[in-house]
1. For region A:1-78, what ratio Rg/Rh do Cα atoms give with a Kirkwood hydrodynamic radius?
2. What ranking do B:M230, A:M85, B:M91 get, fewest neighbouring Cβ atoms within 10 angstrom at the top?
3. Springs between alpha-carbon pairs under 10 angstrom, Gaussian network model over chain B: which of B:R55, B:R110, B:R254 fluctuates most?
4. Give a residue-ordered list of calculated ³J(HN,Hα) values for region B:157-163 (Karplus: 6.51 cos²θ - 1.76 cosθ + 1.60, θ = phi - 60°; whole Hz; x for Gly, Pro).
5. By DSSP, what percent of the beta bridges with both residues in region B:12-90 are antiparallel, rounded to the nearest 5?
6. Rounded, prolate or oblate for region B:12-90? Axes are the square roots of the Cα gyration tensor eigenvalues, ordered a ≥ b ≥ c, and the cut-off for rounded is a/c under 1.5.
7. Looking only at A:V197, A:V15, A:V104, which one moves most when chain A is put into a Gaussian network model with springs between Cα atoms under 10 Å?
8. Sort B:D356, A:D69 so that the residue with the fewest other Cβ atoms within 10 Å of its own Cβ comes first and the one with the most comes last.
Amino acid sequence: MAREVVIKLRGISNVFGTHAVHENLDLDVYRGEVLGVVGGSGTGKSVLLRCIAGLRPPQAGSIEIFGQDALNCSEAERREIDQRMGVMFQDGALFSSLTVRENVEVPLRTIDGLTPALRRELADLKIAMSGLPYKAGDNYPSELSGGMRKRAGLARALALDPEIVFLDEPTAGLDPIGASAFDELIRGLSQAMGLTVFMVTHDLDSLHACCDRIAVLADKRVKYTGTMEEMLKIDHPWVHEYFHGPRARAAIATKEKAL
Amino acid sequence: MTADPSALPAPEHAHLEGGGGAWRLSGALTVRSVSAVAEALENAQGELDLSGLTRLDTAGAYLLQRHAASLRLHGAQADHAALLERVASSMPQPPEASQTPFSFVQILDRTGRMVAGAGRFLVEITAMLGVFFERLGQIARHPGKLPMTALVHHADQVGWRAIPIVSLMSFLIGVVLAFQGAVQLRQFGAEIFVVDLIAISILRELGILLTAIIVAGRTASSFTAAIGSMKMREEIDAMRTLAIDPALVLFVPRILALLITLPILGAVANFMGLFGGALMSWIELGISPPVFLSRLIAETGTDHVMVGFVKAPVFAIIIGVIGCHAGMQVGGNAESLGAQTSSAVVRAIFAVIVADALFSIFFAMMDI
């Protein structure tokens, strides 16, 4: 069965001053998959995420989301695309003057006809699904730990049941237990809700635990894509170092132990 | 019973049909369509067939699970069933609401807290003042500790850059005083006393008081915003871990800069106020500048000037300490920065006026 392509990038170029971050970059993201994007520092993983999420137009290339041109479309069309996507920023990027529940309610307010009570209940549901305790909804972001802020950020990103979520380093700064719980959360949510997940990460354990496919950014484009097994066979020096380094061996060992 | 599709502009809608004990749900039950069937589901009981659902999201699944007690769900497609299960496992469990009704005790409680808060504020301000003088003492013993660059920078910010607005304001005050005084004094043929009126009111009270109020608005807010945003981003904690004393590098140069520049601003205000008054007296009453000047010198004692200037350092410390203290009270969010900034201005202006009133009483009792 041919899989549906939900995000299609062709010939993307991003240039900062004289420094090109991406040149002629192509990438396909399929419906329902969890795609992990890896790459060294400065290879433009976050820039790529911001491009697709519409926060930064690329200098050249085309972006198709849900089969629709996302760069040359009207603002209304772009808004419609945005409503079908959710972004979780690295530190949650929650609105600091709103409680967690109010943060999650913000996207729900754009839906006509939702009663305040139902909106509140749906926000509570998303908070619970993100693995936060009920009373966290009344807290302000500054009263939460980093891991809880990330969960709250995820709850807000999922508020409208998007088809695609973008996660920027979801497990960075979490302790190993919190990180693996977050991996399971993402995996579970993507299966239950049929989510497509575009995840920028450095965390080898996350790549093992929840990614269906991995895209490696190197030499200013998406150099390789494939499953973890395929990555392990690639000869490129950086990719080899990345997936065979001491940390990678530890991650593989835990994975094998778990099996 | 059917949900009215015309009430829903979105392309997605769900239909609830049936009656008695058998219901059937079809269409797309998503966050955009739940509100249309929410009420109808409220009254439905018995069996609910989900085989006609084309789309289901968490909002829809939540709505169905909420009625799981009165409706038996069946016929769901595999992925919908999985979603229903997932939602069922994380249904929010609100704890028993423990809201106490608004009562007299609550009012007392709130009043008590406010009084205690005001008391704590006074203690904290006093502590801040103590810290400032203690650090000044340190600097007196080790002059090398004085952050000279910061001091000059803040003196430029709070003093030099305030000169245009302070000059303009006191010039206009002088004009207004001369004009108002002229109208009244002309009735008695006592025009010349307008010089005394202007000189005494500006030198003794208005020059320095209005300067302090303007500086409180300009400077207390900027102190609070600058220190508060550093506090918000944990820069002040970082300083402490690096063995840098925040009081020495943040508070001392700011308050000291105010202490140095406020009297100078006061002098500028006095001069401009007298200038405005003299100009208006000349135009309105025909009192020529030489006459104004000789009357000013002959009749206005220097003690009026001294009374004015004695207050300047006190106002400077009040404004500086309140501004820095409010900055340190900023919490983790952007809203508290705004709240503290505006309350710093209000408190600083209020405290300056209270201090001015106390000075007036003191000078009156001392017959100065």
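Values in this text are rule-based calculations from the coordinates and carry no lab data. Computed from a predicted structure; not experimentally measured. With ideal geometry, Cβ positions are generated from the backbone for all residues, glycine too; neighbour counts draw on all protein chains shown.
1. 0.97
2. In increasing order of surrounding Cβ atoms, one gets B:M91, B:M230, A:M85.
3. B:R55
4. Couplings: 5, 8, x, 4, 6, 8, 4 Hz.
5. 35
6. Because its axes are fairly even, with a/c under 1.5, region B:12-90 counts as rounded.
7. With Cα springs under 10 Å in chain A, the top fluctuation among A:V197, A:V15, A:V104 is at A:V15.
8. Fewest-to-most Cβ neighbours within 10 Å comes out as A:D69, B:D356.
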